[in-house]
1. For the range B:130-146, which residues satisfy the criterion of being open to solvent by less than 10 Å² (accessible area, probe 1.4 Å), away from ligand 1 (no atom under 13 Å from the Cβ) and outside any strand (DSSP E or B)?
2. Identify the single condition in (1) part of a loop (DSSP other than H, G, I, E, B); (2) surrounded by 15 or more Cβ atoms within 10 Å (Cβ to Cβ) that A:K120 does not satisfy, given that it satisfies every other one.
3. Condition (residue is more than 14 Å from ligand 2 (Cβ to nearest atom) and crowded, with 22+ Cβ neighbours inside 10 Å) applied to the range B:37-54: is it met by at least one residue?
4. Can you name the residue in the range B:67-83 that is among the β-branched types (V, I, T) and within 11 Å of another protein chain (Cβ to nearest Cβ) and, of all such residues, is farthest from B:D99 (Cα to Cα)?
5. For the range B:152-225, list the helices (runs of 4 or more DSSP H) that sit wholly inside it and hold at least 2 residues that are touching a Pro at 6+ places or on another chain (Cβ under 8 Å) and at the interface with another protein chain (Cβ under 9 Å from one of its Cβ atoms); which are they?
6. Would you point out which residue out of A:D390, A:D375, A:D383 is open to solvent by 60 Å² or more (accessible area, probe 1.4 Å) and either within 7 Å of chain B (Cβ to nearest Cβ) or among the acidic types (D, E) (or both)?
7. Considering only the range A:35-112, give the helices (runs of 4 or more DSSP H) lying wholly within it that have at least 3 residues that are within 15 Å of ligand 3 (Cβ to nearest atom) and within 14 Å of A:R174 (Cα to Cα).
8. Could you please find all residues in the range A:94-117 being among the hydrophobic types (A, V, I, L, M, F, W, C) and either buried (at least 18 other Cβ atoms within 10 Å of the Cβ) or modelled with pLDDT of 85 or more (or both)?
Amino acid sequence: MANFFDNKARAAAGATNGASSLKNVAPKETQNLQPWVEKYRPKSLNDVTAQDHTITVLQRTLQATNLPHMLFYGPPGTGKTSTILALAKELYGPEMFRSRVLELNASDERGISIVREKVKDFARMQLSNPPPDYKDRYPCPPYKIIILDEADSMTQDAQSALRRTMETYSKITRFCLICNYVTRIIDPLASRCSKFRFKPLDQGNAKKRLEDIAENEHVKLEPGAVDTLIKCSEGDLRKAITFLQSAARLVGAVKPSQSKANGLSKKRKVVEYDEDEGAMDVDVDGDDDKMVTVRSIEEIAGVIPNDVVDGLIKAMQPSLRGAVYEAVANQVTDLVADGWSATQVVTQLYQKLVYDDTLSDKQKTKIVMAFSDTDKRLVDGADEHLTILDLALQLSGMLAER
Amino acid sequence: MALLVDRYRPRSLEALTYHEDLSERLRSLAQSGDFPHLLVYGPSGAGKKTRIVATLRELYGPGVEKIKIDSRVFQTTSNRKLEFNIVASVYHLEITPSDVGNFDRVVIQDLLKEVAQTQQVDQSARQRFKVVVINEADHLTRDAQAALRRTMEKYSPNLRLILLANSTANIIAPIRSRTLLVRVAAPTEADICKVLTKVGKQEGWSEAEGLNRRIAKDSGRNLRRALLMFEAVHAQNEKVTDKTPIPPPDWEALIEQIADQIMAEHTPARILEVRAKLYDLLSHCIPPTTVLKTLTFKLIPKIDDALKADVIRWSAFYEHRIRLGSKHIFHLEAFVAKFMRILESYLMGMDF
Ligand SMILES: Nc1ncnc2c1ncn2[C@@H]1O[C@H](COP(=O)(O)OP(=O)(O)OP(=O)(O)O)[C@@H](O)[C@H]1O
Ligand SMILES: Nc1ncnc2c1ncn2[C@@H]1O[C@H](COP(=O)(O)OP(=O)(O)OP(=O)(O)O)[C@@H](O)[C@H]1O
Ligand SMILES: [Mg+2]
Ligand SMILES: [Mg+2]
């Protein structure tokens, strides 16, 4: 039997498996089919959306050919990695990139020994010279860049070991640290860097980018769909793009050439499958009006439908004294069995209750504390069913205290 | 002979029962060629794994079913050797990093890069990328999750991940941001009944509709549990009726006994008796959370409505403690003591 890592064996097994291949999409065609997040990763600083301040400053450094050590921080999917890679490309171009840029991230071993050896070796390496004329096209400033992506997962020791390296070789090497939580970077390192905060993407900018992608992919969007994308992804553009892509797949709102090929095979299967149940009418190639809807996005994003949350809140109301437990427990059991993520339940409950004007300040104070407790427990890995049930019952008690 | 749960596991997306819309969604993702990383979550026994195996088949064809188990050795930075099992076909592999506890990062770092850097060997493979299925992703350490981040982006032409989890609460935001979340709800009781009927027919068993409905209800919408119960009932009874009792698993019967004992007497002596039984359960590898939850939900119907919220409160409290602590028995016992106290005070008409 083929071993996954044994290439020869895998080739042989592959040949036999391949023979029974049904689909006609050759691998060559699929080669440029990347997930959209990668396909639309900004290739130059100009492509980076919404981080205007940061981009302006960095663009100035392109001209000035001087660069401080840098620290990029901000929530996921806001363009940190994309920005530094784009900057490095613009500085060095394809031919010098390898010799001038070292990228290490959390998937690499970055214990203290690596910092001492690999990072230091690269930092002190002499600069190689660009080929003649190359400098006309790319600035190729006289220093290398070491990118330490996801630096918040480096140990304190490893970070400490960096301090010296950073100073000693600062003539020929610049560091760029990237992280989500700036507080996880030790002070002596942070204070050596210019800090750039990456903001969660706001309405305006993200909207434009998403609309451009949708247009490029020939995806039709229902009015309000982009706003929903942005709302559900909480400023994380990567998430928004992934949602968009799968919503597009879901409704079959993809490029004409592709959707045809898929549509045909889909139809055949649907018919076979439903034979005994009296064919359900699925219109697979009704093309023109396929649009990504608001609800389809919410569904992909795991947003709980309003009536489900309202059902739970209704069950928590004190009016039916005595029967409250039963009603709440049933709702919670269903929520959990339906697989709604507990974090999502908590978030949506919170939004409903905290902004409910009929509740007194005193009630709200208690409610907020219950939420704090719950969040902590969930992150600690406590059982979701018990935790949510407890929260719902506590809230129910607080609602009764009028 | 294999159990029903294995013999009747649907193997293709077409064969999957219930959640037809989700099957359709997975199919269109699999056929699109730009399949994203997935984080598949939902309660136990909802059919997550089954659905993903079917999706892999949609991606690669029947070749993914030819699997073998590999044992590999990894070395930690402190030179400790870790043995680790991998289930693999030529197209995909499946790992359970939580098997190696806190060393899961080492496995993730080494293994995924290795996979990502080798090309798809089957020249006619339908996809250029290979898939790595990660079981129990919610048990991955923070470090291991961090190690996944850039790998998921950098090697995406060659590698897609499918993370399986019961809960998304422990998955760090940067990973959630890199995956498409796929929720698999548990089948409804009606869905479960349909599966039971179908399986029963194929086995040539007589059908008792009422019995199947009871099984579906008792299973708590867990299809695996329902199938196991279904098989047990039919193994023990030549002929079944709507009234045929469903034998609970041993451990559940034991917890029922504990509940009765706790209700009957609220004394330190009784706690001691119960402790022996709790130990017994733990030593038979029943997870402490399961013990606590089952006990709680067996006690609840036996007590007054006024006490229920309080009992749930302390049950949730000690369950959290179980997660954080290391001596499970302490917290189980504390819950028992707390419960006795709540009940006793209530019966004596005192405030508690
Ligand atoms: N500011 C942005 N402009 C354009 N595209 C963006 C931006 N931010 C994120 N994206 C999109 O999201 C994807 C991920 O972005 P990137 O890798 O730069 O995020 P990050 O900030 O490094 O996130 P993390 O903290 O999770 O590593 C990109 O490939 C791109 O498609
Ligand atoms: N769509 C389905 N139709 C019929 N039977 C199914 C279906 N999905 C799952 N099953 C049955 O239910 C059993 C449990 O499913 P599975 O192992 O996929 O659950 P799971 O969600 O991965 O559970 P866990 O979280 O506990 O690992 C399977 O052994 C299979 O027999
Ligand atoms: Mg990044
Ligand atoms: Mg499973």
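1. Correct list: B:A137, B:A144.
2. The one condition A:K120 does not meet is (1).
3. Within the range B:37-54, the first condition is being more than 14 Å from ligand 2 (Cβ to nearest atom), and the residues that meet it are B:37.
Then drop every residue that is not crowded, with 22+ Cβ neighbours inside 10 Å, which leaves B:37.
There is at least one residue in the range B:37-54 that is more than 14 Å from ligand 2 (Cβ to nearest atom) and crowded, with 22+ Cβ neighbours inside 10 Å.
4. Kept after step one, since they are among the β-branched types (V, I, T), are these residues of the range B:67-83: B:67, B:69, B:73, B:76-77.
Still in the running and within 11 Å of another protein chain (Cβ to nearest Cβ): B:67, B:69, B:76-77.
Numbers: B:I67: 20, B:I69: 15, B:T76: 15, B:T77: 18 Å.
Out of the qualifying residues, it is B:I67.
5. Numbers: elements: B:173-178, B:189-203, B:209-218.
Answer list for the range B:152-225: B:173-178.
6. Values: A:D390 fails: open to solvent by 60 Å² or more (accessible area, probe 1.4 Å); A:D383 fails: open to solvent by 60 Å² or more (accessible area, probe 1.4 Å).
Exactly one of A:D390, A:D375, A:D383 is open to solvent by 60 Å² or more (accessible area, probe 1.4 Å) and either within 7 Å of chain B (Cβ to nearest Cβ) or among the acidic types (D, E) (or both), namely A:D375.
7. Numbers: elements: A:36-39, A:52-64, A:80-100.
Of the helices (runs of 4 or more DSSP H) lying wholly inside the range A:35-112, those with at least 3 residues that are within 15 Å of ligand 3 (Cβ to nearest atom) and within 14 Å of A:R174 (Cα to Cα) span A:80-100.
8. At the first step, the residues of the range A:94-117 found to be among the hydrophobic types (A, V, I, L, M, F, W, C) are A:96-97, A:101-102, A:104, A:106, A:112, A:114-115.
Selection gives A:M96, A:F97, A:V101, A:L102, A:L104, A:A106, A:V115.
The values are calculated or read from the model by the stated rules, or taken from the named source; none is laboratory data. Keep in mind that what you see is a predicted model, and the values were worked out from it rather than measured. With ideal geometry, Cβ positions are generated from the backbone for all residues, glycine too; neighbour counts draw on all protein chains shown. Just the protein is used for accessible areas: all its heavy atoms, side chains included, with ligands, DNA and RNA removed. Shrake-Rupley method; radii C 1.70, N 1.55, O 1.52, S 1.80 Å.
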